[in-house]
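As structure tokens, the structure follows; a few thoughts come after it.
The values are calculated or read from the model by the stated rules, or taken from the named source; none is laboratory data. The structure displayed is predicted, hence computed values, not measured ones. Here the Cβ is made from the backbone with ideal geometry for all residues, glycine too, and neighbour counts use every protein chain on show. For the accessible areas, the whole protein counts, side chains as well, though only heavy atoms, and no ligand, DNA or RNA atoms are used. Shrake-Rupley method; radii C 1.70, N 1.55, O 1.52, S 1.80 Å.
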Amino acid sequence: MGVPVVRIRVLVVDDHRIFAESLAAALAAEPDVEVSAAGSGPAALRCLERAAAEGRGYDVMLVDAELGIAGDRRAPVPVPSGRENAPVDGISLVAGVRSGRPSVRTVVLAEKDDPVRAALALQAGACGWVAKDCSLQRLLAVVRGVLRDETHLPPALLTGVLRELTAARKHRTESEQLVESLTPREREVLRCMVAGLGRKAVAERLFLSPHTVRTHMQNVLGKLGVHSTLAAVALARRAGVGPVDPAPALAGSVVERGGQLA
């Protein structure tokens, strides 16, 4: 009797169907690899959910760097719970899977070297960045390597990615120092702002008057050195400040009107 082969379960996610199916077929020819393909972020999330429910979760997810890109490409946005049908770009998918299914290793497949986007991918939780035109053997080596907790990055990208990560770390440190200058109450207000709560909703949540909340918001903007709520929220996120959990009754509208506090 032969020794059972432990199969690596791989999910290929690419909205170019021919590429996805061709890559899946090539990988499936390996005796220790089992492959599925998904044509979008939401489809990938459904595949992951279904596989987990069956007790046969995926080990590695290969994601197109340009998956579903539309609009702002600069920052990943984690996939919200209960929003599996919302548009999901490649880096956002990586971040969402890292948060919701940390056992799944993700590798980004790219048509060109892009140190900025590669750095974003690594920050989002990717274990590797591989050129789409690499050899099958190279890709298989990366797939097997990330399962050994290795991180794979093309040598030509290393310097640029390190520069981007260093800059991001510096910005995060500066943002953290600014947030630390806030009082405990101002930090509470900032977390409400990150959650998208309007002034009235913040007042109800913190049992303050709207006038007091407005004063706190103005103080927050001043101490953070920004001129709008959206800029304050962006800085807070860089510093790792998370949102409060808004009660449904308190979920207000975006507190931004022409760059002014609403």
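Using a Cα-Cα cut-off of under 13 Å, which aspartates and glutamates could be cross-linked to residue 223, ignoring same-chain neighbours fewer than 8 residues away?
174, 176, 180, 186
Please find the FRET efficiency linking residue 134 to residue 207, where r is the Cβ-Cβ separation and R0 is fixed at 45 Å, and quote it to the nearest 0.05.
Details: r = 58 Å, r/R0 = 1.29.
The formula returns an efficiency of 0.20 here.
Quickly rank 46-53, 197-204, 144-151 as a protection proxy: mean count of other C-beta atoms within 10 Å, highest first. Before the final figure, lay out each step's value.
Values: 46-53: 15.2, 197-204: 21.9, 144-151: 13.2.
The peptides rank, most packed first, as 197-204, 46-53, 144-151.
Convex hull volume of the Cα atoms in the range 158-244, per residue, in Å³? Walk me through the numbers on the way to the answer.
Details: hull volume 7.3 nm³, N = 87.
Expressed per residue, the convex hull around the Cα atoms of the range 158-244 is 83 Å³.
Leaving out ligands and nucleic acids, and using a 1.4 Å probe, what accessible area per residue does the range 106-147 come to in Å²? Let's see the in-between values first.
Numbers: 1570 Å² over 42 residues.
Roughly 37 Å² per residue, with all protein chains present.
Once the other residues with Cβ under 10 Å from the Cβ of residue 160 are scored (Lys, Arg +1; Asp, Glu -1), what is the net sum? Walk me through the numbers on the way to the answer.
On the way: positive: 163; negative: 113, 114, 164.
Taking every Cβ under 10 Å from that of residue 160, the sum is -2.
So if R0 is 45 Å, what FRET efficiency would residue 181 and residue 111 give, r being the distance between their Cβ atoms, rounded to the nearest 0.05?
Working: r = 43 Å, r/R0 = 0.96.
Calculated value: 0.55.
Need one number: the % of Cα-Cα pairs in the range 1-51 sitting beyond the 19 Å mark. Walk me through the numbers on the way to the answer.
Working: 408 of 1275 pairs.
Taking all Cα-Cα pairs of the range 1-51, the fraction more than 19 Å apart is 32 percent.
Would you mind counting up the charge near residue 181? Only other residues with Cβ under 12 Å from its Cβ, with Lys and Arg at +1 and Asp and Glu at -1.
Spelling it out: positives minus negatives among the neighbours equals -2.
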